[in-house]
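A short worksheet on the structure shown next.
Values in this text are rule-based calculations from the coordinates and carry no lab data. All of these numbers come straight from a predicted model, not from anything done at the bench. Neighbour counts are summed over all protein chains in view; Cβ atoms, including those assigned to glycine, are modelled from backbone coordinates with ideal geometry.
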Amino acid sequence: MTTQTTDQLVAKKCAPCEGGVRPYSRQEATEQLGKLAGWTLSDDGKRIRKEWLVKNFMAGIEFFDRVARLAEDEGHHPDLHLGGYRNVAIEIWTHAIGGLSENDFILAAKIDQVPVQLKK
């Protein structure tokens, strides 16, 4: 799979995935993550994750609301985590293939464009 720039990823739309697609290898995922600031690969190489420290509880909820609307529009839904009232994390993977697909990196690139109020 070819590594894409953030602009290339953002220009795409997530495609429906019902399986039958080869997941990214650890090396492919690592190379693609090099184009996405702050996203990390899970230990098993099957998920990507990013964490934010937001201004307050409502900033986290508002961010999640924006991400949820984006995810619904893309038809690709991440796991959203809010802990300690302002520790926000998002995990993405393609459930149908049990690993990472292009959709995951498209969504991550688009999430990076969603406004979020960070703790100063």
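What is the spin-label model distance, in nm, from Phe57 to Ser25 if the labels are put 7 Å beyond Cα along the C-beta direction?
Spacing of the two 7 Å Cα→Cβ label points: 4.7 nm.
In nm, to one decimal, how far is the Asp43 label point from the Glu72 one, both placed 7 Å along Cα→Cβ?
Inter-label distance under the simple model: 3.6 nm.
I'd like the Karplus ³J(HN,Hα) series for the range 112-118: coefficients 6.51, -1.76, 1.60, θ = phi - 60°, whole numbers in Hz, and an x wherever there's a Gly or Pro.
My calculation for the range 112-118 gives 4, 8, 6, x, 9, 8, 8 Hz in order.
Between Gly34, Gly45, Gly83, where does the largest GNM mean-square fluctuation fall for the chain, given springs only between Cα atoms within less than 10 Å?
Judging by the Gaussian network model, the answer is Gly83.
Could you give the radius of gyration (one decimal) and Dmax (whole number) of the Cα atoms in the chain, in Å?
When restricted to the Cα atoms of the chain, Rg and Dmax are 13.9, 44 Å.
Just want to confirm a number: the relative contact order over the range 23-111, from Cα pairs under 8 angstrom separated by 6+ residues, in percent.
Once divided by the residue count of the range 23-111, the mean separation gives 33 percent.
Give me the lysines in straight-line cross-link reach of Lys46: C-alpha distance below 29 Å, same-chain residues under 8 apart excluded.
Straight-distance partners of Lys46: Lys12, Lys13, Lys35, Lys110.
What share of Cα pairs, in percent, lie more than 14 angstrom apart in the range 31-94?
60 percent
Among 56-67, 91-102, 17-28, how do they line up by average Cβ neighbours within 10 Å per residue, starting with the highest?
Numbers: 56-67: 16.6, 91-102: 18.7, 17-28: 13.7.
So the order, starting with the most tightly packed, is 91-102, 56-67, 17-28.
At 0.36 nm per residue, minus the direct Cα-Cα distance, what do Thr6 and Asp112 gain on full extension? Give it in nm, one decimal, please. The partial results should precede the final answer.
Values: separation 106, 0.36 × 106 = 38.16 nm, distance 0.95 nm.
Answer, rounded to one decimal: 37.2 nm.
Let me know the shape class of the range 78-120, please: from the alpha-carbon gyration tensor, a ≥ b ≥ c as square roots of the eigenvalues, rounded when a/c is under 1.5, otherwise prolate if a/b is greater than b/c, or oblate.
Taking the square roots of the gyration eigenvalues as a ≥ b ≥ c, the range 78-120 is oblate.
Once phi is turned into ³J(HN,Hα) by the Karplus curve 6.51 cos²θ - 1.76 cosθ + 1.60 with θ = phi - 60°, what whole-Hz value does each residue of the range 43-56 show in order, with x for glycine and proline?
4, 7, x, 10, 9, 10, 9, 9, 10, 9, 10, 8, 4, 6
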